[in-house]
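Comments concern the structure below.
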Amino acid sequence: MNWRWIPNAITVSRVLAALPLFWLLKTQQYEPAFWLAVAAALTDALDGIIAKGFGWQSWLGGVLDPIADKLLLAACFIGLWLHPLPTWLVALVLGRDLVILAGALAWWRLVGSFTPEPSGISKATTLVQLMLVAMVLALLAHHPVAADWIPPVVLATGAVTLVSGLDYVVRYGAKARRHLGNK
């Protein structure tokens, strides 16, 4: 039997978790939202460990994994909007992701298919965004967390998200110009 589908199935479970997570946040059910987010984070690590450990990486997994991350983070940022995340941060996070999506679609249309290559700053952005969401969810679910740290993490999240978005535009814009210039 071929088990190569397992990492992608785990990733799809994360995609499917985005809507219930959003609903839990909007209905202010923070304790189950916290645990669903924890489960999603653990499955994110698990699918990567399995895929890399057994050499089961695939193009589909490479595309689905960041989509799952984006959907879960978007569900959290929208679900926590105004309580307690500020509008400017939610707009920045969602705007960056929309710019990346629009750029990927434009690349696909003008240049062709590609393999996503997240940069170090992009990975750091995801980590900081996850850290902020985890802190806020833990606080709202009445788990121990240093509430004084949330405002500086909000600012750090905004800064790294902005830098990451600019990095994507500059890096992929330059690649597209080079590629289209060679035709």
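The values are calculated or read from the model by the stated rules, or taken from the named source; none is laboratory data. Keep in mind that what you see is a predicted model, and the values were worked out from it rather than measured. Neighbour counts run over all protein chains shown; Cβ positions are idealised from the backbone, glycine included.
Tabulated results
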| read-out | value |
| --- | --- |
| Those residues of the range 67-80 which are part of a helix (DSSP H, G or I) and among the aliphatic types (A, V, I, L, M), in sequence order | ILE67, ALA68, LEU71, LEU72, LEU73, ALA74, ALA75, ILE78 |
| Subset tally (residues that are more than 15 Å from PHE22 (Cβ to Cβ), surrounded by fewer than 13 Cβ atoms within 10 Å (Cβ to Cβ) and of a type in the set (A, V, I, L, M, F, W, C)) for the range 71-90 | 1 |
| Leading residue by the ranking (surrounded by the most Cβ atoms within 10 Å (Cβ to Cβ)) among those in the range 104-122 that are within 21 Å of ALA159 (Cβ to Cβ) and at pLDDT below 85 | PRO118 |
| Among the candidates ASP44, ASP65, residue that is within 18 Å of LEU127 (Cα to Cα), charged (D, E, K, R) and in contact with a Leu (Cβ under 9 Å, 6 or more places away or on another chain) | ASP44 |
| Single condition GLY95 does not satisfy, out of (1) touching a residue at least 60 places away in the same chain (Cβ under 8 Å); (2) more than 30 Å from GLY173 (Cα to Cα) | (2) |
| Given (1) among the basic types (Lys, Arg); (2) closer than 24 Å to LEU132 by Cα; (3) at pLDDT below 90; (4) out of contact with any Asp or Glu (no Cβ under 8 Å at 6 or more places or on another chain), number of the condition LYS52 does not satisfy | (2) |
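Yes/no per residue for (1) free of Cβ contacts under 8 Å to residues at least 60 places away in the same chain; (2) of a type in the set (A, V, I, L, M, F, W, C):
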position: TRP56; (1), (2): yes, yes
position: VAL63; (1), (2): yes, yes
position: ILE67; (1), (2): yes, yes
position: TRP88; (1), (2): no, yes
position: SER113; (1), (2): yes, no
position: ILE121; (1), (2): yes, yes
position: GLN129; (1), (2): yes, no
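Per-residue answers, yes or no, for (1) assigned to a helix (DSSP H, G or I); (2) surrounded by 19 or more Cβ atoms within 10 Å (Cβ to Cβ); (3) touching a Pro at 6+ places or on another chain (Cβ under 9 Å); (4) among the β-branched types (Val, Ile, Thr):
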{"residue": "ILE10", "(1), (2), (3), (4)": "yes, yes, no, yes"}
{"residue": "SER13", "(1), (2), (3), (4)": "yes, no, no, no"}
{"residue": "LEU16", "(1), (2), (3), (4)": "yes, no, no, no"}
{"residue": "TRP23", "(1), (2), (3), (4)": "yes, no, no, no"}
{"residue": "GLN28", "(1), (2), (3), (4)": "no, no, no, no"}
{"residue": "LEU36", "(1), (2), (3), (4)": "yes, yes, yes, no"}
{"residue": "ALA51", "(1), (2), (3), (4)": "yes, yes, yes, no"}
{"residue": "ASP65", "(1), (2), (3), (4)": "yes, yes, yes, no"}
